[in-house]
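The values are calculated or read from the model by the stated rules, or taken from the named source; none is laboratory data. Please read these numbers as outputs of a predicted model, since none were measured by experiment. Neighbour counts run over all protein chains shown; Cβ positions are idealised from the backbone, glycine included. For the accessible areas, the whole protein counts, side chains as well, though only heavy atoms, and no ligand, DNA or RNA atoms are used. Shrake-Rupley method; radii C 1.70, N 1.55, O 1.52, S 1.80 Å.
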Amino acid sequence: MVKRRNYVIVCAALAMMVALSACSSAADEPTGDTEKVDTEVSSGTGEQATNEGTSEAATSGVTETEGTTAGTNELPENLPSDFPLPEDATIRLANSGENEGKQSAMVIFSTEQDMKTVSQLYKDYFNAKKLTDAGQTIDDKNIIIQGTDPDTQDVWSLIGGTLAGQEGVIELTLTWTEA
């Protein structure tokens, strides 16, 4: 009886492994000629270390939102006024709100500027803020920058990449929450 039970457990585990391995496809596998990814992570000391091939992403949400604006070039009023937008930026969604007494904003926007120009704009902006607990992943198709402003303790996250359906268009999502 014990041998049969062990046999059933082993067969079930093997079946699960086969089923899980079938979830991936050859398209998901690296081809060997992938681009170099520029990834930086800091430990909160203001010093950044480079870890190539590593990626981090974070999400943040707001339970109460108000003041939604879509399709205009207006940033939310509570977003810090020094946040730069590319000259040709089209804001697809802008909202702001308050959650537990803290202001927050989210902006989804697109630009037709090339990824190198956009990446440099935001890398310079966030490096000037000297974000702590920061991570940066930047390559030819994606940008992820996140961290905490050491002066205000505001939390920033900028995630974006090229749109598959619109060649030459980059869409970015910015989230900001005050401390």
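Applying the criterion of being under 17 Å from the mean Cα position of the chain (by Cα) and of a type in the set (Ser, Thr, Tyr) to the residues of the range 93-132, the residue that is nearest to residue 150 (Cα to Cα) is 132. Residue 50 satisfies every condition listed in (1) of a type in the set (Val, Ile, Thr); (2) at pLDDT 95 or above; (3) over 22 Å from residue 155 (Cβ atoms) except (2). Go through the residues of the range 144-160 one by one and say whether even a single one is among the hydroxyl-bearing types (Ser, Thr, Tyr), over 18 Å from residue 82 (Cβ atoms) and assigned to a strand (DSSP E or B). No, because not a single residue in the range 144-160 is among the hydroxyl-bearing types (Ser, Thr, Tyr), over 18 Å from residue 82 (Cβ atoms) and assigned to a strand (DSSP E or B). Of the candidates 112, 98, 87, the single residue that is modelled with pLDDT of 90 or more and closer than 17 Å to residue 162 by Cα is 112.
The residue of the range 127-143 that is most open to solvent (accessible area, probe 1.4 Å), among those that are of a type outside the set (Asp, Glu) and part of a loop (DSSP other than H, G, I, E, B), is 130. Restricting the first member to the range 114-138 and to residues that are at positive phi, and the second to residues that are assigned to a helix (DSSP H, G or I), no beta-carbon pair is closer than 9 Å while six or more apart or on different chains.
Checked against (1) at pLDDT below 95; (2) in contact with a Ser or Thr (Cβ under 6 Å, 6 or more places away or on another chain); (3) open to solvent by 20 Å² or more (accessible area, probe 1.4 Å); (4) in a strand (DSSP E or B), residue 171 passes all but a single condition, namely (1).
Residues satisfying the criterion are absent from the range 107-126 (criterion: over 13 Å from residue 85 (Cβ atoms) and in a strand (DSSP E or B)). Residue 158 falls short on exactly one of the conditions (1) under 17 Å from residue 75 (Cβ atoms); (2) open to solvent by 20 Å² or more (accessible area, probe 1.4 Å), and that condition is (2). The residues in the range 90-116 that are of a type in the set (Ser, Thr, Tyr) and open to solvent by 20 Å² or more (accessible area, probe 1.4 Å) can be counted, and the count is 2. Pairs linking a residue in the range 155-178 that is under 18 Å from residue 113 (Cβ atoms) to a residue that is open to solvent by 40 Å² or more (accessible area, probe 1.4 Å) and of a type in the set (Lys, Arg), with Cβ atoms under 8 Å and 6 or more positions apart or on different chains, are 161/141; 162/141; 171/92.
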